[in-house]
Amino acid sequence: MSKRDYYEVLGLSQDASKQDIKKAYRKLARQYHPDVSEEENAQEKFKEVKEAYETLSDDQKRAQYDQFGHDGPNMGGGFGGAEDFGGFSDIFDMFFGGGGRRRDPNAPRRGNDLQYSMVLDFEEAVFGKSTDIEIPQEEECETCDGSGAKPGTSPETCPHCQGAGQINQEQNTPFGRVVNRRVCHHCQGSGKIIKDKCDTCGGNGRVTKTKTIHVDIPAGIDEGQQIRIPGKGEAGVNGGPAGDLYVVIQVKRHEFYEREGDHIFCEVPLTFAQAALGDEIEVPTLHGKVKLKIPAGTQTGKTFRLKDKGVPNVHGRGHGDQHVKIRVVTPKNLTDRQKELLREFNEISGHESAEEQHGGFFERMKRAFKGE
Ligand SMILES: [Zn+2]
Ligand SMILES: [Zn+2]
């Protein structure tokens with residue numbers, strides 16, 4: 001029987017790294033594992049892949065193979081017995097979430113992180129806020145110190161799993177023994193059996209309590225940012241540390257201001273006369289009213305910058321600015337007197353002055369209509 005080249009089997013070149021080899025093997029093992037694969041000859045292919053992997057993943061064997069190929073000393077052939085398919089638990093882990101070495105149910109575990117969503121008014125985000133929040137949290141039962149057993153009694157080691165919380169089930173298959181691991185039903189994976197349950201927590205060792213937690217929201221916080229409060233998440237298990245609490249910020253929109261980072265944007269309407277003649281107006285800012293001088297001949301869309309009137313930087317790096325955009329409002333519902341004055345204004349200014357102001361715009365428009 002002529003054997004395929006091991007590199008070819010794994011779909012790799014001779015200079016493949018160890019990582020490449022492992023990756024290729026995992027992929028192919030998943031594809032051809034006889035318990036999973038429905039492909040024809042999966043069994044043989046799997047065997048081929050495994051053999052290639054066992055040689056190429058071992059530096060010494062690989063060097064030998066690179067030099068002598070399949071004919072080298074100690075090469076190939078030795079896959080007669082079912083025992084050679086040992087190491088199935090590696091593959092088992094790989095299929096079912098992996099990494100799952102036997103976990104000690106009594107080992108200290110860190111509590112879960114919690115997330116709390118907080119909605120702030122626009123100004124609250126700008127200036128910060130000190131507040132208390134209430135969150136329901138699981139924590140260790142005080143009555144039984146988390147053991148779940150009535151005070152004076154203690155939990156017993158589960159006799160079915162000897163405290164491991166899991167039961168290994170061996171199964172013989174044509175490819176060797178497969179070790180199946182499942183959670184022990186008698187103790188639900190805790191490794192312990194509680195005969196006299198604690199009245200307070202009903203035996204699970206944990207109770208849900210509403211906790212009040214103080215939160216300081218720094219000035220300048222923005223939508224989507226979060227505040228981490230260490231140790232205020234869920235309590236740990238078996239004496240493990242508590243998780244963290246994350247307060248995620250949402251900010252309500254403002255009817256006048258728009259915010260972009262530390263800068264504030266707003267739009268201010270001006271009458272035609274104010275824009276043409278100039279004026280001094282008062283503009284609201286987050287830090288109170290500010291006087292703004294409008295020069296004569298201000299056009300719509302012109303933006304003025306009010307320095308440092310924006311949002312304080314959340315990291316304490318100064319303030320943003322407020323940008324004020326001018327919108328000139330065309331008057332509506334004119335009285336007869338107003339109309340008369342505007343007509344007179346139009347007559348004495350004529351198109352000449354508009355022409356000058358707009359840099360030949362009307363002249364260009366006229367040419368466009370004539371198709372020039
Ligand atoms: Zn058990
Ligand atoms: Zn209890």
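Against the definition (surrounded by fewer than 20 Cβ atoms within 10 Å (Cβ to Cβ) and at positive phi), how does residue 189 come out, yes or no?
Yes: the conditions hold for residue 189.
If you go through region 134-145 one residue at a time, do you hit one that is part of a strand (DSSP E or B), under 32 Å from the mean Cα position of the chain (by Cα), modelled with pLDDT of 90 or more and not hydrophobic (A, V, I, L, M, F, W, C)?
Checked against the condition, which is being part of a strand (DSSP E or B), under 32 Å from the mean Cα position of the chain (by Cα), modelled with pLDDT of 90 or more and not hydrophobic (A, V, I, L, M, F, W, C), region 134-145 yields at least one hit.
Looking only at region 171-193, filter to residues that are under 35 Å from the mean Cα position of the chain (by Cα) and closer than 30 Å to residue 47 by Cα; which one of those is farthest from ligand 1 (Cβ to nearest atom)?
180
Please verify whether residue 262 is open to solvent by 20 Å² or more (accessible area, probe 1.4 Å) and either modelled with pLDDT under 95 or within 37 Å of the chain's Cα centre (by Cα) (or both), treating the condition exactly as stated.
yes
So, in region 128-166, how many residues would count as being open to solvent by 30 Å² or more (accessible area, probe 1.4 Å), out of contact with any strand residue (DSSP E or B) (no Cβ under 8 Å at 6 or more places or on another chain) and not acidic (Asp, Glu)?
Residues in region 128-166 being open to solvent by 30 Å² or more (accessible area, probe 1.4 Å), out of contact with any strand residue (DSSP E or B) (no Cβ under 8 Å at 6 or more places or on another chain) and not acidic (Asp, Glu): 7 in total.
Does any residue of region 213-229 turn out to be open to solvent by 40 Å² or more (accessible area, probe 1.4 Å), in the same structural domain as residue 136 (by TED's automatic domain parsing) and within 16 Å of ligand 1 (Cβ to nearest atom)?
no
Mind checking whether some residue in region 271-278 is assigned to a strand (DSSP E or B) and open to solvent by 30 Å² or more (accessible area, probe 1.4 Å)?
Scanning region 271-278, I find at least one residue that is assigned to a strand (DSSP E or B) and open to solvent by 30 Å² or more (accessible area, probe 1.4 Å), so the answer is yes.
For residue 162, only one of the following conditions fails: (1) assigned to a strand (DSSP E or B); (2) within 16 Å of ligand 1 (Cβ to nearest atom). What is its number?
(1)
When you check residue 320 against the structure, is it at pLDDT 80 or above, within 30 Å of residue 220 (Cβ to Cβ) and in the same structural domain as residue 266 (by TED's automatic domain parsing), yes or no?
Answer is yes for this residue.
The values are calculated or read from the model by the stated rules, or taken from the named source; none is laboratory data. For clarity, every value in this text was computed on a predicted model and none was experimentally measured. Don't worry about glycine lacking a Cβ; one is built from the backbone with ideal geometry, like all the others, and counts go over all protein chains shown. All accessible areas refer to the heavy atoms of the entire protein, side chains included, with ligands and DNA or RNA removed. Shrake-Rupley method; radii C 1.70, N 1.55, O 1.52, S 1.80 Å.
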